[in-house]
Amino acid sequence: MVFRLLVGEIPEGFQVRHADPWGRHFTLCCNPDHLEAVPKKKALRRRDWESARARRTHCPSGHAYTPGNSYLDPRGFRQCRTCRAERVESRRVPPAA
């Protein structure tokens with residue numbers, strides 16, 4: 001509805017999707033600058049990718065995505081806290097002697 005009122009008509013065979021610059025999908029956002037009309041096939045590919053990512057139960061290193069071991073970064077991507085802590089630790093510079 002917001003798209004039609006503030007942007008224009010939705011072309012035949014297109015769906016309105018949230019066009020967040022970081023790739024996140026917010027169904028409640030109605031900022032017209034964040035909405036785009038995309039072909040239905042493209043919208044379905046995006047949705048399939050998002051749902052597949054959400055179904056993952058373990059990170060690439062094999063750690064379980066539990067509520068205590070999951071971190072949602074500012075871009076909206078889930079990260080493994082264990083792997084994140086290991087990355088931070090590997091970047092630490094040892095104190096000078």
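Where a number appears in this text, it was derived from the coordinates with a stated rule and is not lab data. Model, not experiment: these values are computed from the prediction. Cβ coordinates were reconstructed from backbone atoms using ideal geometry, including for glycine residues, and neighbour counts include every protein chain displayed.
Worth pointing out:
- The range 63-97: trypsin sites (Lys or Arg not before Pro) in DSSP loop, at most 13 other beta carbons within 10 Å: Arg75, Arg92
- Using the Cβ-Cβ distance between Arg4 and Arg75 with R0 = 35 Å, the FRET efficiency computed as 1/(1 + (r/R0)^6) comes to roughly 0.75.
- A straight chain from Val16 to Arg55 at 0.36 nm per residue would run longer than the Cα-Cα distance by 11.6 nm.
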